[in-house]
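**Student:** Please see the structure below; I have some questions.
The values are calculated or read from the model by the stated rules, or taken from the named source; none is laboratory data. Every value quoted in this text rests on a predicted model; they were computed, and no experiment measured them. Here the Cβ is made from the backbone with ideal geometry for all residues, glycine too, and neighbour counts use every protein chain on show. What goes into the accessible areas is simple: the full protein's heavy atoms, side chains included, and nothing from ligands, DNA or RNA. Shrake-Rupley method; radii C 1.70, N 1.55, O 1.52, S 1.80 Å.
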Amino acid sequence: MRLRVVLIGLVAAAALVGCTSSGESPPATAAAPTTAPVAQDTTTAAAPTTFPTATTTVTAAPDAVAFFKAQEPACRAEAERVGNPVVDPARFAGAKLVQQNTDGTALIEDGEGTQLIVDVSGKKVLPPSGNPEDLMPDPYGFGCPPEVFVGTVA
């Protein structure tokens, strides 16, 4: 509010300077604009406002076990599509985290004890070595989509 009063006063003073008693306008001059220091009013500073959005869920690290469990329907569809046995759903349901790796991948163990590397950011499941050239453990090599379960098939 104090800032508004100062500015209004400056504008009024400038208007009065331009008035003459004869009613004529003063000659135009190319005067440089002047600015006066203005103190900032900090007495009514408001805290920043945040509004929740529909996409406020943020996770610190992707959940490798949830990603692995979510592959069960894709594996079922792939096995049925190519005529191979369907991977037992208990393998997915019983999955647990063994180790979170520093490279962002995770070593998991399925419901029957088979270990796999899960790379959530790369959307891949790899053999336990993490090397896509190594053998993908059964039944994943034949019962799951090869674009997700990346490994050599025996």
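**Student:** Mind ranking 149, 67, 142 by accessible surface for me, highest first, 1.4 Å probe? Don't skip to the answer; put the middle values down first.
**Tutor:** Details: 149 5, 67 40, 142 90 Å².
Ranked from most to least accessible, the order is 142, 67, 149.
**Student:** I've got another one for you. Residues of segment 54-154: accessible area per residue at 1.4 Å, in Å²? It would help to have the intermediate numbers written out before the result.
**Tutor:** Working: 5610 Å² over 101 residues.
On a per-residue basis, 56 Å².
**Student:** Between residue 133 and residue 98, what is the spin-label point distance in nm, taking each point 7 Å from the Cα along the Cα→C-beta axis?
**Tutor:** 2.2 nm
**Student:** Could you order 114, 152 so the one with the most accessible surface comes first? Probe is 1.4 Å.
**Tutor:** Numbers: 114 30, 152 60 Å².
Highest to lowest solvent-accessible surface, that is 152, 114.
**Student:** How much net charge surrounds residue 147 when only the other residues with a Cβ under 9 Å from the Cβ of residue 147 are counted, with Lys and Arg +1 and Asp and Glu -1?
**Tutor:** Details: positive: 123, 124; negative: none.
Taking every other residue near residue 147 into account, the sum is +2.
**Student:** Measure of size requested: the Rg and Dmax of segment 57-131, with Cα atoms as the atom set and Å as the unit; please supply both.
**Tutor:** In order Rg, Dmax, the Cα atoms of segment 57-131 give 12.6, 39 Å.
**Student:** Still on this model: Protein chains only, probe 1.4 Å: how do 91, 76, 81 rank by accessible area, largest first?
**Tutor:** On the way: 91 30, 76 85, 81 165 Å².
In descending accessible area the options line up as 81, 76, 91.
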